[in-house]
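Working notes for the structure below.
FYI, it's all coordinate maths here, none of it is from the lab. Bear in mind that the values here come from a model prediction, so they are computed numbers and not experimental data. A quick note on method: Cβ atoms are made from the backbone with ideal geometry, for glycine too, and the neighbour counts reach across all protein chains shown.
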Amino acid sequence: MSKSSHRKVQKKQYLTLIGAFITTSVLSGIVAAGIVAPAAAVVGVTATTAPEVFDSLPAEFEVLPPSEKSTILTADGKLIASFYAENRIVVPLENISENLQKAIVAIEDKRFYDHKGIDPDGMARALVNNLQNRSTQGASTLTQQFVKNTLLENGLQKGDQNLIDEATEQTLTRKLKELRYALALEQKLDKKQILAGYLNIAPFGPNVYGAEASSQRYFSHSATELSISEAALLAGLVKSPVEYDPLTNPEAAQQRRDIVLDEMLRQNVITAEEHETAKGTAVADLLKPNLKPQGCGGAGIYAYFCEYVIQDLLRSDQLGDTIDERRRNLQRGGYTIKTTIDSRLENLAYESVTNRVPVNFPDDIKAVIVSTDPRNGHIKAMAQNTIYEPPNETNPGATFNSLAVGREHGGQNGFVAASTLKPFTLLEFFRKGHSAWELTGGRSKQFRFNEFKACGQPLQSSEIWDVNEAGSKPGSYNAIGATVNSVNRSFAHMATQLDLCDIMNGMRDLGIKQQNGEAHNPNHPSNLINAVAPPLQMSGAYGAFANSGIVCEPMAITEVLDRDKNPLAKFEPKCRQGTDEVSARKVTTVLNRTAASPSYSAVHIGRPIIAKTGTGEDSANLWVLGGTPQLVTAAWIGREVESSRTLNGITLNGVTYNPAYGINVTAPMWQNYMLKAHEGVEVLDFQYGDIGQPPKPKPEKAQKPKDDKKSDEKKSDEKKP
């Protein structure tokens, strides 16, 4: 017995039939004569009230610019990262290949250029095809689809769930509203404007929207370059962006593409030869996907700087009143965020860091370079030898923590800054009128707490600070000798003649402070060389010695442009006189003479520099700080977690360092970077302070001539019995 050619119509399909028939009838009646008799005959009251519902709906609706991804750029215009709720790049219609324009009209709305926003014939055809379980076109015109996508987009942009629900609910009222808006939109916009709007808002894959972003994602080129085969592939995606995603379902995507190509041939928008050529190219051969993830996770070596930028943006009231609003604007506003980072310097920094301490180096040993311009605070490079992700088998040393910055910028508290802190004691020493040639340090290494003052009062403790030295450093030293040889006792001795509050507040004034913004605890004298600081803080503070006491806050963003490339937010350098010019320049002189000494040859770069090395207790944190008038760099090597564990015995590039110091372990990394960073850069010198001349040695006292008379008398006495 032969099977009937008619399928059994299910309940769900009856409902679909009724709903579509009502809509078609209402629509036809309104368009033709404002009469809805066919619908009324079928559904009575529901259809009778449909015209009233239709007429009561507003004809105008708000068309917000669609969400667009924001991009972060280097100072020289290179892409760092993109952020989006919807991956979209809005472009004008002339920047979208005519191949895609033809393909989308052919498969989605072949009477697009003839109707006035709605297509009753198309809706009726879709109804029949639905019952027969075959369809190549939907019931909605491109204008209707544009309306529906826009209503949904409006709700998403505003974060309004009610609007989102209204745009997606399956009701006759929603459909009527969509039709009403489509008719109104066709009166307001021409066909090119509607097509451009549709091609910029429609989904062309899982979380990829619009022609340009989808073209970049699947083919790694712009939408202007889409071939016929590529255009047909994209046009086929809008029916079901997930089901036909060519990256996950290439066979289904190819079948759908071929349907589009067949329809284009049927409508004579392509030739038979073009059809054959396009269809003969496998989807797998078309794809050249760009799968770079959004956000800082896709920023590569810039990831930690990217995180710093995001934290600054979320704190800026120029981009919204609340953090949630700023985050939403970042993901939907199409911002262009211009930053201070220099791509050449960033690449040099990463190269120097990883050449010295490779990625995933054993035993959690990490390395960082961060550079700032002391004249404006611009962060020019920020690199570390880690991958921006959670630790895993492939990358056991990976971390989300930026080791260069404080916790408020996605980092941690910092590391013991060791002898790189000594210039701040020397700064206060000069501020209080002491001479660079004054001798210090010629005493016991044991200092009682009550030898120190804090905020005008002696410390009320008899505790002993045992000031250890790396190597034997006997005797007394002037400021230059104490700095070159990094004599702990000399700086502790200087501090006994000062006030610890003044030293710590002076450090805070130059940017070295605790996470709460307060100065380091003055009641612990060891903070003179054991205070914790992130490398970025240290680089910024040393900038004051390169810039006559003017300190500039580290700065990552220069400008934010809106989607139309108009200025939206401007960020200016925040510079101030952090300490007095005279004292700062004296420290500059000492640091310059220190850097020029033979024992600092590992940091020489063939131009004037300031520099100070640092080695934490038990060689646990190894530093070099310093730079030129244009670029100050902090370099650090240590451990992210157990930061107090010794690095003695570390082997780098085949050389074992025992003991390990800043001058032998970290200095080569700093020097390699700074040499290359200054290639082709003008040689500038510092403004130095007058530290006077070393005092002339006192002449030896002349011996008094012997009194011959007394001598003779003595001899005479000796002869007496």
### Query
Can you give the angle from 0 to 90° between the axis of helix 323-332 and the longest principal axis of the chain, with both taken from C-alpha atoms, to the nearest 10?
60 degrees
### Message
P(r) for the chain, please, calculated from all Cα pair distances in 20 Å bins and given in %.
### Response
15, 34, 23, 17, 8, 2, 1, 0, 0
### Message
With the cut-off at 1.5 for a/c, could you classify the range 366-422 from its C-alpha gyration tensor as rounded, prolate or oblate?
### Response
prolate
### Query
Using the alpha-carbon atoms, what tilt in degrees (0 to 90, nearest 10) does helix 172-188 show relative to the longest principal axis of the chain?
80 degrees
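Add -39500 (n - 2.57) for each DSSP H run of 4 or more in the chain, then divide by its residues: what number comes out at 222 nm, to the nearest 500 deg cm²/dmol?
Working: 26 runs with 292 residues, N = 721.
Taken over the chain, the calculation gives -12500 deg cm²/dmol.
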### Query
Got a sec? How would TYR657, TYR304 order by Cβ neighbour count within 10 Å, fewest to most?
TYR657, TYR304
### Task
Mind giving me the nanometre distance, one decimal, between the label points for LYS188 and GLU243, set 7 Å out from Cα along Cα→Cβ?
3.2 nm
### Message
Going by amide H atoms built from the backbone, whose H comes under 5 Å of the H on GLU640, apart from near neighbours?
### Response
LYS366
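In what sequence do ASP258, ASP190 fall when counting other Cβ within 10 Å, fewest first?
Values: ASP258 18, ASP190 9.
Final ranking by Cβ density, sparse to dense: ASP190, ASP258.
Taking 4 °C and 1.567 mPa s as the conditions, I'd like the Stokes-Einstein D for the range 503-619 in µm²/s, using the Kirkwood hydrodynamic radius from alpha carbon pairs. Kindly include the intermediate steps, with their values, before the conclusion.
Details: Rh = 16.4 Å.
Here the translational diffusion coefficient equals 79 µm²/s.
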#### Entry: Per-peptide average of other Cβ atoms within 10 Å, ordering 206-218, 91-103 highest first
206-218, 91-103
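How much of the DSSP bridge set in the chain is antiparallel, in percent, rounded to the nearest 5? Can you show the working numbers first?
Numbers: 51 of 60 bridges.
Close to 85 percent.
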### Query
What is the distance, in nm, between label points placed 7 Å from the Cα along the Cα-to-Cβ direction at ASN664 and at GLU169?
7.7 nm
### Message
Let's see if you can work this out: charge +1 on each Lys and Arg Cβ, -1 on each Asp and Glu Cβ, no other charges. What is the dipole magnitude of the range 419-541 about its Cα centre, in debye to the nearest 20?
### Response
180 debye
### Message
Based on the alpha-carbon set only, what is the convex hull volume of the range 314-450 divided per residue, in Å³?
### Response
258 Å³
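Would you mind counting up the charge near HIS275? Only other residues with Cβ under 11 Å from its Cβ, with Lys and Arg at +1 and Asp and Glu at -1. Could you put the intermediate results ahead of the total?
Numbers: positive: ARG266, LYS279; negative: ASP258, ASP262, GLU263, GLU273, GLU274, GLU276.
After counting each charged neighbour, the total is -4.
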### Query
What ranking do 152-164, 607-619 get when scored by the average of other Cβ atoms within 10 Å per residue, highest first?
607-619, 152-164
#### Entry: On Cα atoms only, tilt of 708-719 relative to the major axis of the chain in degrees
60 degrees
### Query
Going by how many other Cβ atoms sit within 10 Å of their own, how do TRP636, TRP465, TRP437 line up, fewest first?
TRP437, TRP465, TRP636
### Query
Which far-off residues, 5 or more places away or on another chain, put their amide H under 5 Å from the one on SER461, with H placed in the peptide plane?
ASN450
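When the convex hull of the Cα atoms of the range 89-286 is projected onto a plane and the area is averaged over all directions, what value comes out in nm²? Please list the in-between numbers first.
Values: hull surface 44.6 nm².
Spelled out: convex hull of the Cα atoms, projected over all directions, averaged, 11.2 nm².
Using packing as a proxy for protection, rank 500-512, 532-544 so that the peptide with the highest average count of other Cβ atoms within 10 Å comes first.
Numbers: 500-512: 22.5, 532-544: 27.5.
Going from most to least packed, we get 532-544, 500-512.
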### Query
Distance from the Cα centre of the range 457-508 to that of the range 610-636, in angstrom?
19 Å
